[in-house]
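Just so it is clear, none of the values below were taken in a lab; they were calculated from the coordinates. None of these values were measured; they are calculated from a predicted model.
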């Protein structure tokens, strides 16, 4: 796999050091970086992550954390085409639709999320961070 889309919840797990999820997300990011997998995140994820982390830490720390994180990933734009596709009725959750269509438009071979149930109609394989690592071990 070359391009792997990372959903917002996994980003928040690692950057916010969420209990019960941090270690799994950290293992995923370490694997991806070591194996030169291109991690794709959306501009929307940056905005949502900033908003959520701002409730936990000071503004300057959040921005510095996101600046460092940005060096590890490629950021995909959220444009009019993605908006139009997301406004369809394929996804119950509008934000998940945006994430999915960004992944599709950027030729991602997988989406890594903890919210697999909302991606039932995905044409792209969906993995939790732990499942992604298990899948890679079997290859």
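Some observations on this one:
- With all projection directions averaged, the alpha carbon convex hull of region 68-139 covers 5.6 nm².
- Rounded to the nearest 500, the 222 nm mean residue ellipticity of the chain from helices alone is -15500 deg cm²/dmol, with -39,500 (n - 2.57) taken per DSSP H run of at least 4 residues.
- With contacts taken as Cα pairs under 8 Å and at least 6 residues apart, the chain reaches a relative contact order of 32 percent.
- Mean separation of Cα contacts under 8 Å (6+ apart) over length of region 81-139, as relative contact order %: 27
- Highest-fluctuation residue, 95, 105, 55 considered, GNM on the chain with Cα pairs under 10 Å: 55
- Largest first and in whole Å, the equivalent-ellipsoid semi-axes of the chain read 21, 20, 14, each the square root of five times a Cα gyration tensor eigenvalue.
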